[in-house]
Amino acid sequence: MISSEFFADAPDAPDDATARRIVERLGADRVHVLVTLRPPARIMPSQWQQYVQNGLRMGYEDWLEHVLRKAPYEKPTPSFRRHRHDRLVERWAGAVGADQVTVVVVDDRDRDGLMRTFEGLLGLPQGLLRAVPDTANRSLTLAETEMLRSLNREFRGHDLPDELYSKLVRNGAVLRMKNTCKPTARDVRISTPAWAAEAAARIGASAAARIEAMGVRMLGDPGLLSAVHEPAEAPSEQPAMAPEVAAQALYGALAAVAAAAGRRSARPVHQTSSKELVKVLGHRCLKRLRRR
């Protein structure tokens, strides 16, 4: 079994060449594609904060306007097209055949449901698969996301390189914050406005109808894709972030700087002067002679 969300990002070219090439190289006669789907209305808050972790500066409602109301809907985050579930399933069904595609509609109210489904599909004993807590994969709270969005504006406004952002922010501050700080009941969730939740539900209903008509195997309730979940109440005041969370984020960035400083000698050879290379070579030769 090969599992990766990046398969969902295979370009949907007119002939779906990327999906077909992947299937061909894996062995077309033995490939079965399984797609897990969640209601678009539940996905949107999580996706927005994930895009902010990758450098997005746009606020939640502005982003919703672009992905739901302003064509082309691929801007400003092209990978969000993966959540046009009917197009996604159609692409892979075209590559392997509808009879080789299984679609699982996930019901998030049943925390173990997806694992039980996979046990059944793979012929495993019931209860074998267990959830593994992964704090690094948790969503950010509204306050954490807004703090990071403000940082993104400053970072991008000063034209700092993407490599530095990845090292200090995404793999430094954000990772440390998620691993050490657990959200509490007092933390404000990201709230989706009613118009956006209803628009997402309509997209989910349309996608469910198209997928059912394709002839693929469906597990779970397709009606969940069009469910309109009760939106969380909008915060009455500006969300506040605990000082401890801010301190952990700052420490994560500083730790990333320290780690990078300790790896200075690991830069590529072509970026190292000949004088430094001779010194390193001489030092290594002396160490080997001493061992003898």
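When Phe6 is tested against (1) assigned to a helix (DSSP H, G or I); (2) touching a helix residue (DSSP H, G or I) at 6+ places or on another chain (Cβ under 8 Å); (3) within 25 Å of Arg170 (Cα to Cα), just one condition goes unmet, and that condition is (2). Screening Gln126 with (1) closer than 25 Å to Pro239 by Cβ; (2) open to solvent by 70 Å² or more (accessible area, probe 1.4 Å) gives one miss only, at (1).
Pro11 falls short on exactly one of the conditions (1) part of a loop (DSSP other than H, G, I, E, B); (2) at pLDDT 90 or above, and that condition is (2). A Cβ distance below 8 Å, combined with a sequence gap of six or more or placement on separate chains, defines the contacts here; from the range 62-86, residues that are farther than 24 Å from Val106 by Cβ reach residues that are open to solvent by 30 Å² or more (accessible area, probe 1.4 Å) and not in a helix (DSSP H, G or I) in the pairs His66/Met58; His66/Tyr73; His66/Lys75; His66/Pro76; Pro76/Met58.
Checked against (1) at pLDDT 80 or above; (2) open to solvent by 90 Å² or more (accessible area, probe 1.4 Å), Val269 passes all but condition (1). Asp134 meets the conditions (1) surrounded by 10 or more Cβ atoms within 10 Å (Cβ to Cβ); (2) under 26 Å from Val245 (Cβ atoms); (3) among the charged types (D, E, K, R) in every case but one. The failed one is (1).
For (1) of a type in the set (Asp, Glu); (2) open to solvent by 50 Å² or more (accessible area, probe 1.4 Å), each residue gets a yes or a no:
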| position | (1), (2) |
| --- | --- |
| Asp159 | yes, yes |
| Leu164 | no, yes |
| Lys167 | no, yes |
| Ala173 | no, no |
| Arg176 | no, yes |
| Cys181 | no, no |
| Ala185 | no, yes |
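Among the residues of the range 122-150, the ones that are hydrophobic (A, V, I, L, M, F, W, C) and in a helix (DSSP H, G or I) come to 6 in all.
Here Arg25 meets each of (1) over 18 Å from Arg87 (Cα atoms); (2) surrounded by 14 or more Cβ atoms within 10 Å (Cβ to Cβ) with one exception, condition (2).
Within the range 30-83, which residues are part of a loop (DSSP other than H, G, I, E, B) and open to solvent by less than 30 Å² (accessible area, probe 1.4 Å)?
Val31, Pro39, Gly55, Leu56, Gly59, Thr77
Candidates Arg153, Arg189, Arg202: the one that is surrounded by fewer than 16 Cβ atoms within 10 Å (Cβ to Cβ), assigned to a loop (DSSP other than H, G, I, E, B) and of a type outside the set (Asp, Glu) is Arg189.
Right, Ala234: assigned to a helix (DSSP H, G or I) and either out of contact with any Asp or Glu (no Cβ under 9 Å at 6 or more places or on another chain) or at pLDDT 70 or above (or both) or not? Even if it seems obvious, please write down each step before you answer.
Values: assigned to a helix (DSSP H, G or I): no; either out of contact with any Asp or Glu (no Cβ under 9 Å at 6 or more places or on another chain) or at pLDDT 70 or above (or both): yes.
No; evaluated as a whole, the condition is false for this residue.
Only one residue in Thr117, Thr141 is open to solvent by 20 Å² or more (accessible area, probe 1.4 Å) and hydroxyl-bearing (Ser, Thr, Tyr). Which one? Going through Thr117, Thr141 in turn, the sole match is Thr117.
Any residue that is closer than 17 Å to Pro40 by Cβ and surrounded by 22 or more Cβ atoms within 10 Å (Cβ to Cβ) - is there at least one of those in the range 209-224? Among the residues of the range 209-224, at least one is closer than 17 Å to Pro40 by Cβ and surrounded by 22 or more Cβ atoms within 10 Å (Cβ to Cβ), which makes the answer yes.
The values are calculated or read from the model by the stated rules, or taken from the named source; none is laboratory data. Keep in mind that this is a model prediction, so the values were computed, not measured. Every residue, glycine as well, gets a Cβ built from its backbone with ideal geometry; the counts of neighbours run over all protein chains shown. Ligands, DNA and RNA are stripped out before the accessible areas are found, and what is left, the full protein with its side chains, is counted by its heavy atoms. Shrake-Rupley method; radii C 1.70, N 1.55, O 1.52, S 1.80 Å.
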